[in-house]
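Undergrad: Shown below is the structure under consideration.
Every read-out reported here was derived from the displayed coordinates using simple, explicitly stated rules and does not represent laboratory data. Owing to the predicted nature of the structure, the values given are computational and were not obtained by experimental measurement. Glycine also receives a Cβ, built like all others from the backbone with ideal geometry; neighbour counts cover every protein chain displayed.
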Amino acid sequence: MAAAGLKRPSSSRRRMRSSNGVWPEPFVEALASQVAIDSSRTIGRLAAAQALFNIFQVCSTWRAISRSELLWQNITPHIWNIRHRLRNTWREEYIYRHRTATNFRLRRYEYTTLHFVPTDINNSDSLSCRRLALSDHHLAAGFFDGSVHLFHLPTRLHLSTFYPQPRDRLGHFSIAISGIILSDTQLVFATLDGDIHIAVINDVAPLRRALIGDVVNDGVLVDFTGCNRWWVGLYAGAPGRAFHVWNSETEELIYVGGELTDPEAVMGWHLLNELTELIGRVRVTSHGTAVACTSLRVIVLDLRNQGIVLQDVEFPRGIAVSCFDTNGESMVLVDSRARASVRRVDTLEEVCRFTVRGGSQSGILGCVNGGYGLMCAGGSD
């Protein structure tokens with residue numbers, strides 16, 4: 001009788017008991033992804049791993065989701081802003097990024113000294129590095145003597161040394177490196193007098209000079225950057241010609257203009273013969289814009305629309321040019337009081353601020369990546 005009196009579970013209860021019916025694998029993956037992403041946004045990127053760990057402890061079925069490559073492929077771009085993996089799997093890529101961020105937070109690190117033979121060991125200027133550029137597997141260092149040294153990061157080996165092609169130059173430092181664009185297949189670098197050279201990595205083809213600079217009419221190329229679509233040069237010395245934009249595929253000049261560096265024209269010319277402070281910096285963002293600064297102004301250009309100025313803001317407290325940098329949608333500025341602010345590139349809206357301890361505006365170096373800003377003041381980070 002007792003057995004007869006028991007009710008059979010309803011269809012909804014049967015679904016609750018059946019993990020495959022109620023919690024199909026795509027649903028659990030979606031849930032885990034959302035929990036991890038929400039945790040990274042509200043608490044911090046490192047919190048996403050703990051949130052995932054809690055999800056995986058629910059049951060063996062949910063734990064099996066931890067082996068889903070699709071899960072890691074989905075959350076890694078959202079949390080670590082990585083669009084292509086360097087490790088064998090997306091799970092390994094996520095773990096690598098998490099451990100790197102943890103080491104950064106705890107100040108744990110290892111370093112290797114990269115060895116190379118200077119182009120001119122008797123010239124102290126040749127040992128002064130002006131520009132560094134990183135790709136996934138390579139590092140390029142550009143020096144005052146015009147040489148660019150290329151290193152292979154996994155092996156720490158010095159691969160090649162590139163040097164501008166000879167021609168008549170104006171000024172002792174005219175061949176000093178003013179900018180480097182580096183990928184794992186191509187190296188592009190520019191000099192103060194405006195020459196732009198291209199080298200294909202791991203290719204027997206010689207270094208090619210893509211463009212010959214015209215320093216008399218354009219001024220001095222104080223900074224040079226770009227991506228797989230544009231090259232952007234920031235000049236000082238000729239009025240109304242601060243920005244030059246090229247199509248990086250065709251190497252065609254598509255825009256010249258801007259007055260950002262007009263007040264620094266004399267300083268620009270001095271760069272050819274003197275070791276002076278940085279005049280300005282320019283960076284290309286992921287939204288088809290270029291952001292440039294001098295010690296007083298920040299300008300945002302629309303590269304897709306003939307250099308239309310989207311933002312033009314003056315900073316009365318001044319800007320430490322050596323600390324200006326961008327990554328993706330954000331940029332970092334440091335003023336004369338060593339106060340740093342992170343701002344959105346498109347609107348210049350302030351996201352957060354912090355104080356750089358132990359430094360003055362002239363003694364700070366800085367950069368920013370997808371998750372952190374690094375400032376070095378007085379030898380301390």
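Undergrad: Assign one of three labels to the stretch 258-381, namely rounded, prolate or oblate, based on the Cα gyration tensor with a ≥ b ≥ c the square roots of its eigenvalues; rounded applies when a/c is under 1.5, prolate when it is not and a/b is larger than b/c, and oblate otherwise. Working shown, then result.
TA: On the way: a/c = 1.81, a/b = 1.08, b/c = 1.67.
Taking the square roots of the gyration eigenvalues as a ≥ b ≥ c, the stretch 258-381 is oblate.
Undergrad: Beyond 31 Å, what share of the Cα-Cα pairs of the chain remains, rounded to the nearest whole percent?
TA: Numbers: 33438 of 72390 pairs.
So the portion of pairs separated by more than 31 Å is 46 percent.
Undergrad: What is the extension gain from S135 to R67, computed as 0.36 nm multiplied by their sequence separation minus the C-alpha to C-alpha distance, in nm to one decimal?
TA: 21.6 nm
Undergrad: Next question, about the same structure. When the helix-only estimate is applied to the chain (DSSP H runs of n ≥ 4, each -39,500 (n - 2.57), divided by the residue count), what is the mean residue ellipticity at 222 nm, nearest 500 deg cm²/dmol?
TA: -6500 deg cm²/dmol
Undergrad: Considering the Cα positions of the stretch 10-106, please state its Rg to one decimal place and its Dmax as a whole number of Å.
TA: Radius of gyration, then largest Cα-Cα span, for the stretch 10-106: 14.8, 53 Å.
Undergrad: Same structure again: Springs between alpha-carbon atoms under 10 Å, Gaussian network over the chain: tell me which of H137, H287, H115 tops the mean-square fluctuations.
TA: H115
Undergrad: Round to the nearest 10 and give me the degree value, 0 to 90, for the angle of helix 47-56's Cα axis relative to the longest principal axis of the chain.
TA: For 47-56 against the chain, the angle is about 20 degrees.
Undergrad: Return one number: the angle in degrees, 0 to 90 and rounded to the nearest 10, between the long axis of the Cα atoms of helix 69-80 and the longest principal axis of the Cα atoms of the chain.
TA: 50
Undergrad: Still on this structure, I have one more. Going by the alpha-carbon gyration tensor, a ≥ b ≥ c the square roots of its eigenvalues, is the stretch 158-254 rounded (a/c under 1.5) or, if a/c is not under 1.5, prolate (a/b greater than b/c) versus oblate? Can you show the working numbers first?
TA: Values: a/c = 2.09, a/b = 1.35, b/c = 1.56.
Taking the square roots of the gyration eigenvalues as a ≥ b ≥ c, the stretch 158-254 is oblate.
Undergrad: Let me check I've understood the local charge: for L182, count other residues with C-beta under 14 angstrom from its C-beta, Lys and Arg +1, Asp and Glu -1. What total comes out?
TA: Charge balance near L182 sits at -1.
Undergrad: Sorted by average packing, counted as other Cβ atoms within 10 angstrom per residue and highest first, what order do 141-150, 161-170 take?
TA: Numbers: 141-150: 21.9, 161-170: 14.1.
Put in order of decreasing packing, that is 141-150, 161-170.
Undergrad: Let me ask something else about it. Take the alpha carbon gyration tensor of the stretch 177-314, find the square roots of its eigenvalues, order them as a ≥ b ≥ c, and report rounded if a/c is under 1.5; if not, report prolate when a/b exceeds b/c, else oblate.
TA: Oblate.
Undergrad: For a protection proxy built on the mean count of beta-carbon atoms within 10 angstrom, sort 62-70, 252-260 highest first, please.
TA: Ranking, from highest mean packing down: 252-260, 62-70.
Undergrad: Taking every Cα atom in the stretch 301-341, find the radius of gyration and the maximum pairwise distance Dmax, and write them in Å.
TA: For the stretch 301-341, the Cα-based Rg and Dmax read 12.2, 36 Å.
Undergrad: So how tilted is helix 90-106 from the main axis of the chain? Cα-based, degrees 0 to 90, rounded to 10.
TA: Approximately 70 degrees, to the nearest 10.
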